[in-house]
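Throughout, read-outs are computed from the coordinates displayed, never taken from laboratory work. Please read these numbers as outputs of a predicted model, since none were measured by experiment. Using ideal geometry, Cβ is built from the backbone for each residue, glycine included, and neighbour counts are taken over all protein chains shown.
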Amino acid sequence: MTPNIKRRFFSNLLLATFIILTSCENETQTIDYEPNYASSLDATNLPSGNRPMTMFEDAESPSKMYNKNDRWFRVNQPLQIIQKGKDSVQISLYSPVGLTDVKIYAKLGNYDKRFVLYHFTKIPAFHRSTHQIPLVAGKNDYLLETGNTVTIDKIDGFSTGAIEFSIESTDPLFSKFKKIKSSQLVQFNDGYHLNEPNKFLPMNPVLAKEAITMIINYSYALSHPMYYDTFIHFDRYKQEQATLAGTPVSGATDWHGNTADSNGVYDYFSKSEIEQQYLKYVDNRTLWMAMVTGASALGGGNLASQWESDYITGHWKGEMSVWSHEYSHHTGYNHDSNLANSGEGGGQQGMLTDFYKYLIYLNDLPFTDPEILKGWTKTSYLSKIYSKPVFKIDPKNPFLLKYKGEGKWN
Ligand SMILES: [Zn+2]
C-alpha cells in the first residue's frame, strides 16, 4: 500500500456518512427510509463481466491445477474470498457440491459492524468469478448483521487487507465447513512427478476434484469431537479393543514418539504432549497432495501422496489407512511411532480408518455420495477401469460396537 492510497482511503472513510437506522417501537418515530440493497446474485447465471468459470473442469489443462499461486485453499475455507486489485474480489468455491444462501460480509477498519457486501442465492461446485466491490461504484445501502441499514459513501479503492471478509450461510454443507479445525493450505505440486517420474504420476483435474473432496472430509474427521476424544484417550481405546478381543493389550498401550522401540519399551507421550500432537494434525501448514506409481506411497514435509485407486474409489469406502500413514509422515512421525505405523498392536492407521468408516455410516462427513463426482466413470482420465465404490461397514467396527449409531456431530 502506498502512503498516498492509504491517506486517501482513510480520509474518504472519515467523510463517509454512516446513517444507522434503528428499528423503533413507536411506528410514528420510524424514519421514513426505504433501504435499497444490491440485488442477490445467482452465481450459476452471471454476466460475462464477472468472468464466471468452473475450476477443475475434466478437460482443463493440468497446468492450471499445478499453478500454486492461483489454485490453493485452506481446508476450513473451501469458499475463498480474495481481494483483487483495489476494487474487486475473486470468489472461489473448492467444493464438489455448491452452496445456497451465502452472505459475504465486509468489515472496514474504522467501523465496527459487519455489513452484507454480496448475497449469493447459489454458488455452484468449483465456481470462480470476480466482482466489483460495490463501495467503489458509489453510495449504497448495506444490510448490517443486526438487521439495520448502513449507508456508505463511495470509496475510491481499498488497499489489500483494508476489508475483512467473512461468510455466513444457512446451507447445512457450510455448517460442516465451519466445524473444520484444521487450516492446512492445500496445493498440488508438479515437482514430484517431474523430478521423480519413477515414483510419482501426474494428476489431472478429475483426480484433483477427488483429492479436494477427500481432504475436506479427512480434515472434518480429524476435527470431529469423537476423534479428538479417541485420540486423547488412545490408551482407553486400546484397552477397549483388547477387551472386545478377549486378549491383553498388545504392543504399545498409548501414543509414543519416533524413538526406536526396544524390547517393548516405548517413548510414551505424556497426556499434555498427546494434546500437542493432536494440534499438529489440525494446524496451518502447507500440504502438497500428489499421486504415486505402483510402488510405495510417500509422505513427509509438505508432501502426502497415495495411489490413483485411493483417490478414485478408496476414500469413498473409507479406505484411509495409506492416507493416514502418509499424512502422519507429513506431520513429523516416522515408522517407529504408532502415530504413523500400524505395527505393535495397532496405531493411528487402523483407528482412523475404522473411525472414518463409522462417519460414512453415520453420514457425518461433508461428502459421502460418490455420485457427486462420478470419478470412476471418467475412464479416459484414469489408468485403469474402476467400478463404482460401494461403502459397507464391518459389523465388528469398534466405533459401531461402542457408539451403536450415536455420536453424530450436531
Ligand atoms: Zn511410511
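Summed over qualifying helices (DSSP H, 4 residues or more, each -39500 (n - 2.57)) and divided by its residue number, the chain shows a 222 nm mean residue ellipticity of -8500 deg cm²/dmol. Taking Cα centre as origin and charging only the Cβ of basic (Lys, Arg, +1) and acidic (Asp, Glu, -1) residues, the dipole magnitude of the stretch 81-193 rounds to 220 debye. Spin-label model, TYR111 to THR243: label points 7 Å out along the Cα-to-beta-carbon direction sit 5.9 nm apart. Model label points for ARG236 and ASN363, set 7 angstrom from Cα along the Cα-to-Cβ axis, are 2.9 nm apart. If one takes the longest principal axis of the Cα atoms in the chain, at what angle in degrees, from 0 to 90 and to the nearest 10, does the Cα axis of helix 3-15 lie? The angle comes out near 60 degrees. Rounded to the nearest 10 degrees, the inclination of helix 271-281 to the longest alpha-carbon principal axis of the chain is 60 degrees. Of the trypsin sites (Lys or Arg not before Pro) found in the stretch 326-396, those in coil by DSSP whose Cβ has at most 13 other Cβ atoms within 10 Å are LYS374, LYS384, LYS392, LYS396.
Principal-axis analysis of the Cα atoms of the chain puts helix 348-362 at an angle of about 60° to the longest axis.
Between the beta carbons of GLU57 and GLU371, assuming R0 = 22 Å, the FRET efficiency works out to 0.75 to the nearest 0.05. Residue separation of ASP42 and SER272 scaled by 0.36 nm, minus their Cα-Cα distance, works out to 78.0 nm of gained length. With the simple spin-label model, which puts each label point 7 Å out from Cα in the Cβ direction, the ALA260 to SER183 separation comes to 4.0 nm.
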